[in-house]
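The values are calculated or read from the model by the stated rules, or taken from the named source; none is laboratory data. Because the structure is a prediction, the values reported are computed rather than measured. All Cβ positions, even for glycine, are placed from backbone atoms using ideal geometry, and neighbour counts span all protein chains on display. Surface areas here come from the heavy atoms of the whole protein model, side chains and all, with no ligands, DNA or RNA. Shrake-Rupley method; radii C 1.70, N 1.55, O 1.52, S 1.80 Å.
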Amino acid sequence: MDIKSLTSEIKSSALALGFHAAGITSVEPFKMDEKRLEVWIDGGSVAGLQYMRDSREMRAKPLQLMPEARSILSLAVSYYNGEFDPLPQGHGRIARYAWGRDYHEVIPPRLDQVVKEAERIAGRGIQARCFTDAVPLLERAAGKRAGIGRAGLNTLLINDRFGSWIFLAEILWDLELTPDPRETRACLSANDCIRKCPTNALVAYRVDAGKCISYHTIENHGVIERSLRKRFGDWLYGCDVCQEVCPHNNRIERTDWTEFQPASGAGQSLSLLEVLDIPDEDHFQSRFAGTPLLRTGRRGLVRNACIVAANIRFEAAVPGISSLAEGDPDPVVRTHAVGALAEFSTQAHRATIEKALKDPADEVQAEAAAILAEAGSSGPTPTSTARD
Ligand code: SF4
């Protein structure tokens with residue numbers, strides 16, 4: 001079979017196996033995108049994403065991942081399941097990509113099927129490496145060069161049919177295939193993503209991770225800056241704002257992958273009371289097994305629930321948050337519980353906040369001190385001193 005026919009048959013088979021877009025690119029380095037990556041990292045926009053720093057030398061050079069590779073099959077899978085239902089009272093929102101099952105578990109078996117099918121078509125064994133997300137490769141650069149989407153101002157890859165609600169995956173293999181034309185069209189540049197980002201995290205084609213709600217609610221496992229928390233609104237896990245406002249995402253088809261439907265995973269939102277009540281990591285792990293929410297650990301999700309409860313003034317959460325402030329074993333949780341209580345009322349929770357000044361953890365003390373300084377007093381009241 002000639003290379004052109006082989007390429008065409010393999011791409012068709014990937015689409016037949018359920019992928020929503022498939023394109024081929026070469027294994028040449030992504031030189032322009034490497035420069036952008038350097039600017040992003042050296043400009044300080046990478047925040048705590050240490051793995052981006054650690055792998056910066058490799059990301060633009062596919063052959064460092066697999067020296068025998070001769071082409072890359074770039075794939076996209078839609079996870080779009082429509083808009084949010086009205087948010088139940090006392091719930092926090094989950095970003096759409098995380099409504100269903102974890103794509104890190106769902107997509108790889110289908111990539112293996114694509115390789116098997118390619119072996120059948122090529123009539124020989126194939127050396128291949130399959131990736132989705134967890135790979136030191138510039139996936140969006142690969143997708144753009146393989147023609148499956150254009151670069152969005154919001155930094156995401158935008159497919160004509162499925163918008164930016166897509167997971168990306170790649171197969172590097174020792175198959176010589178014909179590259180597709182690179183996508184050269186620009187984003188519609190409506191600027192809505194930049195204007196409507198709640199934290200001003202975006203400039204054109206670059207996100208400041210240190211301001212991004214998705215970064216903080218998912219990847220940041222520590223204390224979140226006090227000045228940012230209010231802007232999180234009701235986002236409990238991730239943030240979809242820069243995709244929701246994108247004109248490329250109008251009238252987009254829903255995915256047919258049932259694994260990504262809300263009923264297959266954590267759903268569109270979670271009860272804050274339920275999250276605040278998760279007693280330990282074991283309970284957290286079994287509650288969210290198989291979903292992307294595992295990434296935050298109990299600490300991250302309970303911390304986020306404290307932020308959202310305060311933002312939406314969900315008074316029913318106050319008793320649970322008070323208990324966390326007083327006795328949770330995790331200092332990050334205690335810090336955020338103290339911070340949330342202050343958002344409800346520094347005066348009403350003054351005794352708990354003052355007690356936190358003597359917490360064994362520095363971050364809890366710092367939180368309490370900042371709250372009391374803002375309230376105009378950094379010293380304990382006589383009542384709390386007596387209780388200590
Ligand atoms: S995910 Fe949210 S916070 Fe992050 S850049 Fe997009 S709109 Fe801004």
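Points to keep in mind about this one:
- The one condition in (1) open to solvent by less than 70 Å² (accessible area, probe 1.4 Å); (2) under 23 Å from the mean Cα position of the chain (by Cα) that R36 fails to fulfil: (1)
- Taken as a whole, the structure places V318 among residues that are over 26 Å from the mean Cα position of the chain (by Cα), within 18 Å of E274 (Cβ to Cβ) and open to solvent by less than 30 Å² (accessible area, probe 1.4 Å).
- Any hit, the range 49-62, residues being more than 30 Å from D277 (Cβ to Cβ), touching a Ser or Thr at 6+ places or on another chain (Cβ under 6 Å) and either in contact (Cβ under 8 Å) with a residue 40 or more places away in the chain or open to solvent by less than 10 Å² (accessible area, probe 1.4 Å) (or both): no
- Applying the criterion of at least 1 residues that are surrounded by fewer than 23 Cβ atoms within 10 Å (Cβ to Cβ) and more than 16 Å from the ligand (Cβ to nearest atom) to the helices (runs of 4 or more DSSP H) found wholly in the range 147-244 leaves 226-229.
- Consider the range 245-280 and keep the residues that are part of a loop (DSSP other than H, G, I, E, B) and among the β-branched types (V, I, T). The one that is farthest from the ligand (Cβ to nearest atom) is I278.
- Only a single item in (1) in contact (Cβ under 8 Å) with a residue 12 or more places away in the chain; (2) farther than 30 Å from E38 by Cβ is not met by R287, and it is number (1).
- Evaluation of N311 against (1) polar (S, T, N, Q); (2) out of contact with any Gly (no Cβ under 9 Å at 6 or more places or on another chain); (3) within 26 Å of L341 (Cα to Cα) (one fails), failing number: (2)
- Pairs meeting the criteria (first residue in the range 189-215 and in contact (Cβ under 8 Å) with a residue 12 or more places away in the chain and β-branched (V, I, T), second residue more than 6 Å from the ligand (Cβ to nearest atom) and not in a loop (DSSP other than H, G, I, E, B), beta carbons under 6 Å, at least 6 apart or on different chains) are T199/R231; I213/F232; I213/W235.
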